[in-house]
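Here's the structure we're looking at; comments come further down.
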2 protein chains.
Amino acid sequence: MISKNKQKLISSLAQKKHRDKNALFIAEGNKIVLDLLQTSLKLEELWATEEWISKNQTIIQSNSSINECTVNELKKVSQHKSPPAVIACFAQKDHQLNIEELAGKLSLFLDDIQDPGNLGTIIRIADWFGIENIICSKGCADCYNSKTIQSTMGAIARVNIHYLDSASFFSNIKPLNLPIYGTFLDGNNIYHEELTSNGIIVMGNEGNGINPSLEAFINQRLLIPNYPTNSETSESLNVSVATAITCAEFRRRAF
Amino acid sequence: MISKNKQKLISSLAQKKHRDKNALFIAEGNKIVLDLLQTSLKLEELWATEEWISKNQTIIQSNSSINECTVNELKKVSQHKSPPAVIACFAQKDHQLNIEELAGKLSLFLDDIQDPGNLGTIIRIADWFGIENIICSKGCADCYNSKTIQSTMGAIARVNIHYLDSASFFSNIKPLNLPIYGTFLDGNNIYHEELTSNGIIVMGNEGNGINPSLEAFINQRLLIPNYPTNSETSESLNVSVATAITCAEFRRRAF
């Protein structure tokens, strides 16, 4: 069963302030819970139907935080329309950013990415392309939002997300002399630019692009050209799609 | 106002069978409606608040299908949680695929892409990269689903979507001798492969990849390598992300 107290806790974790206070987050549904159970993330507690538990014995075997409960109980605390067979509560990661560690690496800076799904997809992309650190402006969606967690497909466990004040961050990394890239609709064709294996790639907000106050920090303006050039087309690419193409192009240079 | 009959019609268009029967579809909300109004799509009828109409006079000026209504009326017929200021009904596109027109072009084949958001994002990607035709297996989401329409950001007007039986389609294009590409987790590094400026790129279902029954038609198996190669990472990339990177790489060869 799910005790009254735990019901309260699970429901409260739908809100960022309670996630922050408890340093916990919720994952709902078979696929994402199984993905996360196979990472280094610390499971706090898990509630599932008898059927789910017996099906997944090998994965959860000796774990004492497993609780059997009914579909109705899951329905009560679920944020989904149709109740999942399993809900799990994990500890948030505790990782401090050491600025120096960015020196030799490629990292992402997200400027007010607001859609939780986009953020999750970007975390999954970063994981695929070996980008260990994502710096998020304070205006970004929360990486522990359940939609974000769902879209990361488990990548949240392997990528470090840091929420920092944008201006302070860019001032702090100045001594590293890192190349700072940004994507713009009037940038230079990315395929003709020199791209380094370290640096920061800045991706802008869904509707407004990169905040003008950050442009001064950017020393290379990139464009993903449409095809054929100058043909009538969409105004822009979705930000997670643009992030994917940009990261792929940086890594392609290494092959 | 929105008459009782129109209310019924709008609500019914949330279902594919009614969209198909009437050859209509619905777009909800300021951004997507404005995007679509500026394309070649035929507007059937539009309902909006007084405020929205006066703000957008220049775009809708001489159009007789514009109806003023209240927020409450919009709320009644909306599929969104918070009612939009505008709802519009457009005619579906009427485009027959002529197989021969694929000969010199790059096209996409989507195999059971089930998420409407993924489908919409892929349509937007196709538009960016000058891919005029997308062939969808019968198991794909409907391109006139409101979530798909929303994610296309207007690209639905410029890309032709054809729902066809997979096996018949691949048999029918045999005489064209087109290269057929597919992305696989055990394919060949896309950056080392020869990619042509025409052909078909097959993208597989979100959970299951490309249907085994289609593999025989594919003559080049591609892989988007993760970085660093063989490091521990996500199982795969999201299908719209993989489509974006693949299409970008095909078009990059032309720059």
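Here, each number is a calculation from the coordinates, and none is a lab measurement. From a predicted model like this one, the values you see are computed outputs, not experimental measurements. Cβ sites come from the backbone with ideal geometry, for glycine too, and all protein chains shown count toward neighbours.
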Q: Quantify how much of the Cα-Cα distance distribution of region B:4-91 extends past 16 Å, in percent.
A: 48
Q) So what is the relative contact order for region B:186-255, in percent, with contacts set as C-alpha pairs under 8 Å and at least six apart? A) 47
**Q.** Among B:145, B:56, B:85 the positive-end extreme of the charge dipole of region B:1-151 (Cβ point charges)
**A.** B:85
Q: For region B:176-185, just list the computed ³J(HN,Hα) in residue order, Karplus coefficients 6.51, -1.76 and 1.60, θ = phi - 60°, integers in Hz, with x standing in for Gly and Pro.
A: 6, 6, 7, x, 10, 9, x, 9, 9, 6
Q. Expressed as a rounded percentage, what relative contact order does chain A have, with Cα pairs under 8 Å and six or more residues apart?
A. 19
Q | Largest to smallest principal axis extent of the C-alpha atoms in region A:127-188, angstrom | A | 34, 27, 22
Q.
What is the sum of charges, Lys and Arg at +1 and Asp and Glu at -1, for the other residues whose Cβ falls under 12 Å from the Cβ of residue A:170?
A. -2
Q) Over what distance in Å are the Cα centres of region B:115-139 and region A:7-28 separated? A) 36
Q.
Please give the charge dipole size of region A:99-252, origin at the Cα centre, charges +1 on K and R Cβ atoms and -1 on D and E Cβ atoms. Round to the nearest 20 debye.
A. 360
**Q.** Bridge type composition, region A:99-252 - antiparallel percent by DSSP, nearest 5
**A.** 5
Q: Calculate the dipole size of the protein assembly as shown relative to its Cα centre from +1 charges on Lys and Arg beta carbons and -1 charges on Asp and Glu beta carbons; express the result in debye to the nearest 20.
A: 1140
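Sum up the charges of everything whose Cβ sits under 13 Å from the Cβ of residue A:89, counting Lys and Arg as +1 and Asp and Glu as -1, but leave residue A:89 out.
Details: positive: A:6, A:8, A:19, A:42; negative: A:28, A:44, A:45.
Taking every other residue near residue A:89 into account, the sum is +1.
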Q. Straight-line reach from residue A:105: which lysines have a Cα under 16 Å away, not including same-chain ones fewer than 8 places off?
A. A:174
Q. Which stretch or stretches of region B:80-113 have amide N atoms under 20 Å from the point lying 7 Å from residue B:67's Cα along the Cα→Cβ direction?
A. B:80, B:83-92
Q: Report Rg(Cα)/(2.2 N^0.38 Å) for the protein assembly as shown, keeping two decimals.
A: 1.01
Q) Ratio of Rg to Rh for region A:99-252, alpha carbon only, Kirkwood? A) 0.94
Q: Select from region A:205-255 those GluC sites (Glu not before Pro) which occupy a DSSP coil region and have at most 16 other Cβ atoms within 10 Å, ordered by residue number.
A: A:206, A:232, A:235
Q. Going by a 4.7 Å Cβ-Cβ cut-off, which cysteines of chain A have no partner at all?
A. A:69, A:89, A:143, A:247
**Q.** Shielding score for B:222-234, defined as the mean number of other chain Cβ atoms within 10 Å
**A.** 5
(Q) Placing the label point 7 Å from Cα along the Cα-to-Cβ direction, what are the distances from residue B:179 to the equivalent spots in the other copies, shortest first, in nm to one decimal? (A) 2.8
Q.
Distances in nm, one decimal, shortest first, from residue A:64 to the same residue in every other copy, taking the label point 7 angstrom along Cα→Cβ.
A. 7.8
**Q.** Convex hull volume per residue in cubic angstrom - Cα atoms of region B:56-179
**A.** 136
Q.
Beyond a 22 Å Cα-Cα separation, which of these cross-linked pairs lie in this structure: A:55/B:138; A:4/A:76; A:147/B:147?
A. A:55/B:138
Q. If exposed trypsin sites (Lys or Arg not before Pro) are those in a DSSP loop with at most 16 other Cβ within 10 Å, what is the longest stretch of chain B that has none?
A. B:139-252
Q) When only Cα pairs under 8 Å and 6 or more residues apart are kept, what is the percent relative contact order across region B:1-107? A) 37
Q) Copy-to-copy spacing for residue B:164, label 7 Å out on the Cα-to-C-beta vector, in nm, shortest first? A) 5.1
(Q) I'd like the distance between the alpha-carbon centres of region B:180-201 and region B:202-255, rounded to an integer number of Å. (A) 8
